[in-house]
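The values are calculated or read from the model by the stated rules, or taken from the named source; none is laboratory data. Just so it is clear, the model here is predicted, and its values are computed rather than measured. Note that we place each Cβ from the backbone using ideal geometry, even for glycine, and neighbour counts take in every protein chain shown. What goes into the accessible areas is simple: the full protein's heavy atoms, side chains included, and nothing from ligands, DNA or RNA. Shrake-Rupley method; radii C 1.70, N 1.55, O 1.52, S 1.80 Å.
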Amino acid sequence: MVQLDAIDHKILALLQENSRLTIQEIGQRINLSKTPVHERIKRLEREGVIDRYVSILDKKKLGNILMVYCQVTLDRQTRDAFAEFEAAVRGLPEVLECNRVSGSFDYLLKIISRDMETYNRFHQDQLSVIPGTLHISSFFVMSEVKNSTVVPLG
């Protein structure tokens, strides 16, 4: 685990809210000059605390109105079966998140789709045909209560 101080936390909080802030703007907000802010950000990037900078798009404005969570169970729980499934899922742009979990199923997937018909085609033509897939349960999001990318820094 990387050791962070209060200034690092302030910088990270600002960048999580708006990664387009300039070094000067960050410095003004935390009362620090540009050089130490720049050096801290570079260190946080080097140490992997800052993984990447991204833009968050409005999925509905882009026509993706259906969010689906899927529980996936494989026919066998072996290293090879997991690796094969994970490699296949990485190639599916509709899958926003894929996590191997403990419990009564193997994977929890977060999938985005334009509509039910498009999801049905994806489910039949791409997801269910991944070798080793035994069972898929789909859950459709009715209302998005909270959607955040901010990691708590407490």
Margin query: What number comes out for accessible area per residue over the chain if the probe is 1.4 Å? Units Å², please.
Written below: 69
Item checked: the stretch 141-150 - phi-based ³J(HN,Hα) in whole Hz, Karplus 6.51/-1.76/1.60, Gly and Pro as x -> 6, 8, 8, 8, 7, 8, 9, 9, 10, 7
Margin query: Tell me the net charge near Leu153. Cut-off is 12 Å between Cβ atoms, Leu153 excluded, with +1 for each Lys or Arg and -1 for each Asp or Glu.
Written below: -2
Next item on the list: Starting from the Cα of Lys60, draw a straight line to each of the lysines and keep only those under 17 Å, dropping any in the same chain fewer than 8 residues away.
Entry: Lys110, Lys146
Item checked: Listed values [x] 38, 20, 13; [y] 22, 18, 15; [z] 41, 33, 18, entry calculated as semi-axes √(5λ) of the Cα gyration tensor in Å -> [x]
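Within the set of other residues whose C-beta is less than 13 Å from the C-beta of Asp125, count the net charge using Lys and Arg as +1 and Asp and Glu as -1. It would help to have the intermediate numbers written out before the result.
Numbers: positive: Arg121; negative: Glu94, Glu117.
Net charge around Asp125: -1.
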Margin query: Would the stretch 81-154 count as rounded, prolate or oblate if I go by the C-alpha gyration tensor, calling it rounded below 1.5 in a/c and otherwise prolate when a/b exceeds b/c, oblate otherwise?
Written below: oblate
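Counting only protein heavy atoms and a 1.4 Å probe, tell me what percentage of the stretch 1-62's accessible area is made up of carbon and sulfur. Walk me through the numbers before you get to the answer.
Details: 2380 of 4770 Å².
That fraction is 50 percent.
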Next item on the list: Counting only GluC sites (Glu not before Pro) that are in a DSSP loop and have at most 14 other C-beta atoms within 10 Å, tell me the longest site-free stretch of the chain.
Entry: 48-143
Check: Taking only DSSP H segments of four or more residues, each worth -39500 (n - 2.57), what value at 222 nm results for the chain once the sum is divided by all its residues, to the nearest 500 deg cm²/dmol?
Finding: -10000 deg cm²/dmol
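Sum up the charges of everything whose Cβ sits under 15 Å from the Cβ of Ile30, counting Lys and Arg as +1 and Asp and Glu as -1, but leave Ile30 out.
Numbers: positive: Lys10, Arg29, Lys34, Arg40; negative: Asp5, Asp8, Glu17, Glu25, Glu39.
Overall, the nearby charge balance is -1.
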